[in-house]
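The values are calculated or read from the model by the stated rules, or taken from the named source; none is laboratory data. Here the structure is a predicted model, which means the values were calculated and not measured. Neighbour counts run over all protein chains shown; Cβ positions are idealised from the backbone, glycine included. Accessible surface is based on the protein model in full, side chains and every heavy atom, while ligands, DNA and RNA are left aside. Shrake-Rupley method; radii C 1.70, N 1.55, O 1.52, S 1.80 Å.
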Amino acid sequence: MESASLTHLEFEKVLALISGFAGSHAAKDALHELHPSSDREEIEKRLGELDEWMRLFDEGRQPSVGGIREMRDLLKLLHTGGDVLAGEDFLRTRANIDVAIRLRKSLIEVDVERLPLLRRRLEVIPVLDSISERINGAISERGEVRDTATPALSGIRRDLVKSRMEIERRLGEYLTSGSGDMFQDRFFTIRNDRYVIPVKASYQGLVQGIVHDQSGSGQTVFMEPLEFLPLNNRLARLRGEEREEVARILRALTDLLASNRDDLAMLFEGLVFFDVLQARARFARQYEAHRPEIAPDGLIELRSARHPLIHPGCVPVDLTMNRQGACVIITGPNGGGKTVALKILGINALLMQSGNYVLASATSRLPVFEQILTDIGEAQSIENHLSTFTSHLRRLGEILAAAGPRSIALIDEIGVGTDPNEGAALAQGVLKALLRRGAFALVTSHYESLKSLAFITPGFVNAGMEFDYETFRPTFRFLMGVPGRSNALSVARQFGLPDEVLSVMSACLEGKGGAEERLIAVLERERASAEALRRSWEEKEREVTLRRNELEAGLKKIEQFRKSRRDELVETYEAGLKEKVRELEGVIHSLKMHQAQNDASDLETARNALKSARNTISELDLASRQYVGDETSESVPSGNNSDADMFQKGDTVLWKGIPRPAVLEDFDVTADRAVLECNGIRFVAPLSQISRFGEARLAKSASVSGMVIAARPDVSDRLDLRGCRVEEALEKTEAYLKLASSQRLGRVFLVHGKGTGALQRSMHEFLKRSPWRDKFRFGRYGEGDLGVTVVVFDPLADAEKPITSEESRQIKRKKRRD
């Protein structure tokens with residue numbers, strides 16, 4: 001790829017943007033040196049690695065490669081040899097090894113089939129955990145050699161501490177016991193690594209010792225008394241031994257790193273790769289970039305393409321080029337975005353070929369170019385004696401020499417800098433030559449003859465930058481198929497040129513441009529109008545899509561609420577039913593007692609309580625059936641039911657939309673409309689879906705002796721789920737099994753049919769996670785075979801042959817133990 005083209009397209013500035021997301025200096029430098037490739041396999045590999053890293057981002061994993069320390073200087077020292085590394089150098093090495101450990105741990109948890117490229121990169125990074133442990137055992141977090149690095153160093157430093165304590169204790173005693181006039185201060189200090197005391201210069205002769213220093217005023221001398229000479233000498237010897245041992249430890253660690261230099265270099269290179277990859281991924285996320293499809297060589301499709309240097313204010317560009325329209329001529333007003341359109345195509349092609357996502361939609365497609373040839377901007381040179389036009393000619397010659405079937409030329413203001421007629425003729429010759437070489441060409445111009453060329457010549461296509469004739473300003477929108485007008489007068493007015501200039505300009509342009517120019521103006525206006533309608537339609541479509549998504553989300557929430565509410569109601573019903581059954585049993589017991597005592601008044605009171613309890617149980621049963629969907633529940637009138645004529649205002653009715661009785665305030669049979677009131681809330685419901693609320697069916701008295709048997713709610717032992725969706729079937733099953741269990745049914749049959757088996761598998765998965773996980777089986781012969789699942793609450797009810805009395809007692813004892 002030509003360096004001149006990279007400069008024209010400002011590729012270095014874009015790489016600087018990407019490098020801003022890198023954490024290490026080495027990764028930033030690697031990104032600055034990133035070069036586009038023309039090898040399709042290499043590009044696919046780079047994009048595939050980025051795909052896998054972005055997949056981790058989308059899953060919220062985001063492996064961290066932060067904390068990479070610079071190692072290039074250390075690797076160079078280890079290569080040359082001779083120098084001993086310092087503690088800080090070992091800390092940098094250990095930090096990078098620890099980053100590699102964390103990275104490996106985070107990636108190794110992901111299935112290798114989902115990250116094949118990254119796992120392959122990870123496998124190349126050597127495992128140097130033992131080196132990290134060696135460094136950690138010898139070097140502290142401050143970069144100093146630890147006391148515990150070796151037994152010898154530990155012993156030396158122990159002796160150093162003892163010697164210092166001893167000499168400081170004895171110096172303290174010496175200063176305390178001596179004459180106060182002799183010493184300048186009652187403290188000791190260190191000079192030349194030896195303990196000394198401050199003595200007044202006038203008393204120097206009274207102290208036998210060695211002078212090591214004196215104060216700036218000369219009034220104090222720092223002396224080492226002769227009696228402390230052996231102690232200071234011992235300290236000096238121990239310090240020397242410490243230095244030698246520390247140097248030996250650092251040398252050993254340096255030799256360790258030197259022997260593993262190649263592995264350290266591979267580790268650092270691998271970490272830099274992942275840091276670069278993370279920077280590219282963060283750039284893609286920040287700039288809303290997407291992975292492009294690598295298209296065949298004869299196709300370019302950019303959708304909503306933008307330029308990173310003017311993101312997010314860049315107006316998106318839609319551009320399509322193929323072999324039937326390989327040369328696109330962009331015309332339009334100055335400052336309308338023609339040059340930006342060139343750079344958008346060029347920079348996105350460079351991004352893809354350097355392994356990055358492009359600033360365009362995910363449906364965009366770009367081929368792999370061997371050469372992206374550009375002539376953008378002025379290149380005149382006084383030193384080389386080149387004017388604007390001659391430098392332009394030289395560059396056009398270079399482009400023609402390098403152009404081929406897998407290249408694209410991006411030329412700004414082709415043929416500019418000379419007579420317009422001659423410049424237009426030059427432009428036509430160059431563009432036709434590029435097409436003969438099989439190259440793509442995207443050029444900008446103001447020449448009218450090039451617009452005409454694109455209308456009548458195969459392989460050429462017009463394009464223009466939109467101009468708003470209401471505001472007389474460019475909109476920066478790129479339009480394929482229709483040329484644009486220069487509108488120099490409007491642009492000059494926009495930039496505030498004096499009226500005296502504008503009036504002369506307007507007079508000169510009056511009547512210029514024949515029928516062709518007027519036709520182009522009409523086409524541009526019609527295209528602008530159609531584009532406005534299209535944008536309006538797209539806006540309305542987005543609004544409708546948004547509303548539909550909101551509605552679907554709302555319906556989903558309502559369904560979830562109904563499910564949770566249904567579960568709550570079933571639990572409430574079960575609790576209420578059990579309580580009322582206990583009350584009913586108590587009333588029955590009371591009736592038996594009063595019957596035996598022939599107490600008529602108390603008997604009547606008990607009978608009233610019994611009736612009230614039975615009615616409550618009936619209400620609970622009917623309300624639950626509205627949600628459970630029991631087959632035995634009372635049928636709901638449909639259509640023009642004749643029972644509707646029997647309704648009266650004030651009746652208590654049931655509607656399947658609510659779980660409790662309501663009062664019928666008003667109704668209209670013709671309109672199938674009823675006004676209901678429940679708990680102070682008024683609402684409208686279809687009259688055809690309303691049924692009367694009557695007393696539940698109760699068992700008759702068993703005998704005239706006064707024994708009363710309470711009726712259970714009529715719950716069927718069979719639930720037909722055929723035709724239901726999986727979610728609906730599981731909801732009905734859960735509610736039904738809770739009700740059947742509370743009613744002490746022996747066993748129930750869940751009819752799901754055979755079909756594809758999807759409903760049956762989902763049913764069994766649900767039952768395995770439910771309280772009935774050990775109580776279900778397939779249907780037997782005669783019960784429905786594999787089309788039925790049987791849930792057994794009582795083994796006695798599921799026996800295939802008569803059970804003996806002994807077996808019955810064993811089953812009952814087991815149930816009591818459970």
| Can you find even one residue in the range 737-759 that is in a helix (DSSP H, G or I), at pLDDT 80 or above and in contact with a strand residue (DSSP E or B) (Cβ under 7 Å, 6 or more places away or on another chain)? | yes
| query | Is it true that some residue in the range 494-502 is open to solvent by less than 20 Å² (accessible area, probe 1.4 Å), over 28 Å from LEU434 (Cβ atoms) and at pLDDT below 70? | reply | yes
| Of all residues in the range 659-687 being touching a helix residue (DSSP H, G or I) at 6+ places or on another chain (Cβ under 9 Å) and closer than 25 Å to VAL570 by Cβ, the one that is modelled with the lowest pLDDT | PRO659
| In the range 56-98, residue modelled with the highest pLDDT [restricted to those that are surrounded by 15 or more Cβ atoms within 10 Å (Cβ to Cβ) and within 30 Å of ARG291 (Cα to Cα)] | ILE68
| task | Those residues that are open to solvent by 50 Å² or more (accessible area, probe 1.4 Å), outside any strand (DSSP E or B) and farther than 30 Å from PRO458 by Cα, I need them from the range 276-310; list them, please. | result | ARG282, ARG285, GLN286, GLU288, ARG291, LEU309, ILE310
| remark: Expected single match for surrounded by 21 or more Cβ atoms within 10 Å (Cβ to Cβ), modelled with pLDDT under 90 and in a loop (DSSP other than H, G, I, E, B) among GLY464, GLY415, GLY377 is GLY415
| field | Condition check for ALA401: in contact (Cβ under 8 Å) with a residue 24 or more places away in the chain, of a type outside the set (Val, Ile, Thr) and surrounded by fewer than 23 Cβ atoms within 10 Å (Cβ to Cβ) | value | no
| field | For ARG744: the one exception among (1) more than 22 Å from THR572 (Cα to Cα); (2) open to solvent by 80 Å² or more (accessible area, probe 1.4 Å) | value | (1)
| So which residues in the range 148-203 are under 15 Å from VAL221 (Cα atoms), in contact with a helix residue (DSSP H, G or I) (Cβ under 7 Å, 6 or more places away or on another chain) and touching a residue at least 24 places away in the same chain (Cβ under 8 Å), if there are any at all? | MET182, ARG194, TYR195, ILE197
| task | Would you mind finding the one in LEU359, LEU342, LEU351 that is over 23 Å from the mean Cα position of the chain (by Cα), in contact (Cβ under 8 Å) with a residue 60 or more places away in the chain and crowded, with 19+ Cβ neighbours inside 10 Å? | result | LEU342
| Sole residue being closer than 18 Å to ALA326 by Cβ, open to solvent by 30 Å² or more (accessible area, probe 1.4 Å), in a helix (DSSP H, G or I) and of a type in the set (A, V, I, L, M), chosen from LEU393, LEU453, LEU435, LEU431 | LEU435
| task | Please note which strands (runs of 3 or more DSSP E) are completely contained in the range 167-237 and include at least 2 residues that are in contact with a Lys or Arg (Cβ under 7 Å, 6 or more places away or on another chain) and open to solvent by 20 Å² or more (accessible area, probe 1.4 Å). | result | 209-214
| Give me the pairs: first residue in the range 64-84 and under 17 Å from ALA265 (Cβ atoms), second residue of a type in the set (Ser, Thr, Tyr) and open to solvent by less than 20 Å² (accessible area, probe 1.4 Å), beta-carbon distance under 6 Å, and six or more apart or on different chains, which are they? | ILE68/SER24
